Amino acid sequence: MQESELNYFKEILESRKAQILKNISGVNDELEQLNSLELNDEGDHASVNNNSMVESAIVEQQRQELKEIDVTLGKITSGEYGICEMCEDEIGFQRLKVKPHAIYCIDCREIVEKSK
């Protein structure tokens, strides 16, 4: 992969990382505000608990994506970026444009999904 392509993906990944960190911070602030509310009835409690569960699930998914991005940024630094972890072939440029932190090529991703 050319240096310009690596820089392109690095910028995308760093931008996404910053966005995720901002999102997580915002959700954590919202959860703190919800927890500090004085709730009057069981309906209010149920609504807050439901919102908290949904937002916690979103934060967990974004934390997982953040871990994947950090691993991918390390691969860019070490020169291993864009190589499928299963077959060790290059991951296609178009696939990386869709998911810059992809660790599998299209074929191997299908195998992984079917085995789950």
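Please treat every number below as a calculation from the coordinates, not as lab data. Every value quoted in this text rests on a predicted model; they were computed, and no experiment measured them. Cβ atoms come from the backbone with ideal geometry, glycine included; neighbour counts cover every protein chain shown.
Of Lys22/Lys75; Lys67/Lys99; Lys10/Lys75; Lys75/Lys114; Lys17/Lys116; Lys67/Lys97, which ones are farther than 22 Å apart at the Cα? As for pairs spanning more than 22 Å Cα to Cα, those are Lys22/Lys75; Lys75/Lys114; Lys17/Lys116. Amide H contacts of Ile83: Ile91, each under 5 Å away and 5 or more positions distant or on a separate chain (H built 1.01 Å from N in the peptide plane; Pro and chain starts excluded).
Ordering Thr72, Thr77 by the number of other Cβ atoms within 10 Å of each residue's own Cβ, fewest first, gives Thr77, Thr72.
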